[in-house]
Amino acid sequence: MTDIETTLGPAAEATRPPLLEVDNLHVEFRTPHGVAKAVNGVSYHVNAGETLAVLGESGSGKSVTAQAIMGILDTPPGFVTRGEVRFNGVNLLTLPEEQRRQIRGRRISMIFQDALSALNPVFSVGWQIGEMFRVHLGMSKADAKKKAIELMERVRIPAARERVNDYPHQFSGGMRQRVMIAMAIALDPDVLIADEPTTALDVTVQAQIMELLAELQRESNMALILITHDLGVVADVADRIAVMYAGRIVEQAPVHELYRAPAHPYTKGLLQSIPRVDFKGRELSAIKGLPPNLMHIPPGCAFHPRCPYAREKCRTEMPPLYEVAAGRGSACHFWKEVLDGSHG
Ligand code: SF4
């Protein structure tokens, strides 16, 4: 039994909380030029065997939220000012660093967009994967190498036995990302956070990596949080989507419901900007304008300067996350009209 389970005790078994829960999280960056409000009250959860896609443009707060979950936020300048990150019901943000380190990598692990800079160029990939077993589990070098080969095979790196001593630069971008995935799943985590895992890859390799992640998740029943700016890559793998804008969740929904009928103009705009077979004949259109400067987030609804449906109320009143249906929410005052298409 782990420390976390001991803390929870048997009484908690009956009313098991979500595996990982972000609750009203606020993060700000204090810089010489001012305070950037990067995350402004984000709440989401994920359970074992589930995939949550967190979607948003660059600067929406999706990666900063993940860094806060992992405890790898650069402090200073980044500070969590409010909220909780609960793993099996225990708030990680108040745990001593030693306990957090035990959870990071073992129970919750993360893969990043840029495998080349995340891997060390002077060590072989086998050594780097094996490090997880040597450092965390105290395995011998020979046993760790064996485990590294097994993992390389598990993430479908061809000729793993022959390639275990190769260096990162001898692998293609897609294969390097597989090495990163191997390291992230080495200790069988309960939660895997994948931050833009396919952005640097071409479309065919993107699809292969997404398929691999989905397959690994099915095998191990881990929870997967998939962070992306690309709505196109998550449709087939995610169960639910949380759409972020200016540090807030603006829409949250089961994936198929969101694709069928978005309830927020921002999501609607994102959907209209990706090619879809069911939108055949319709013109693709990009959302006009840029996301706001996080030091000067517009009052009211932060999306109002870019929203084609904005009205007076939007400029002064910040919309809460209205309940659209069970498990579905939209932070738009006029979500009903957006949903039934009567508005725009
Ligand atoms: Fe647009 Fe207003 Fe809805 Fe914000 S609240 S998304 S500005 S219609």
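The values are calculated or read from the model by the stated rules, or taken from the named source; none is laboratory data. Treat the numbers as computed from the prediction; the structure is a model and nothing was measured. Glycine also receives a Cβ, built like all others from the backbone with ideal geometry; neighbour counts cover every protein chain displayed.
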Looking only at region 334-344, which residues are out of contact with any strand residue (DSSP E or B) (no Cβ under 8 Å at 6 or more places or on another chain) and surrounded by 12 or more Cβ atoms within 10 Å (Cβ to Cβ)?
-> Phe334, Lys336, Glu337, His343
Region 45-69: number of residues that are surrounded by 20 or more Cβ atoms within 10 Å (Cβ to Cβ) and either in contact with a helix residue (DSSP H, G or I) (Cβ under 8 Å, 6 or more places away or on another chain) or of a type in the set (A, V, I, L, M) (or both) = 11
Leu93 is checked against (1) within 30 Å of Leu294 (Cα to Cα); (2) surrounded by 19 or more Cβ atoms within 10 Å (Cβ to Cβ); (3) at pLDDT 90 or above and fails just one. What number does that condition carry?
-> (2)
Say whether the condition of being under 21 Å from Leu201 (Cβ atoms) and either assigned by TED's automatic domain parsing to the domain that holds Gly269 or not charged (D, E, K, R) (or both) is met by at least one residue in region 82-103.
-> no
Selection within region 301-317 - more than 7 Å from the ligand (Cβ to nearest atom) and surrounded by 17 or more Cβ atoms within 10 Å (Cβ to Cβ) | Ala302, Arg306
Residue check, Val122 against (1) under 24 Å from Gly173 (Cα atoms); (2) within 24 Å of the chain's Cα centre (by Cα), all met but one. Which one?
-> (2)
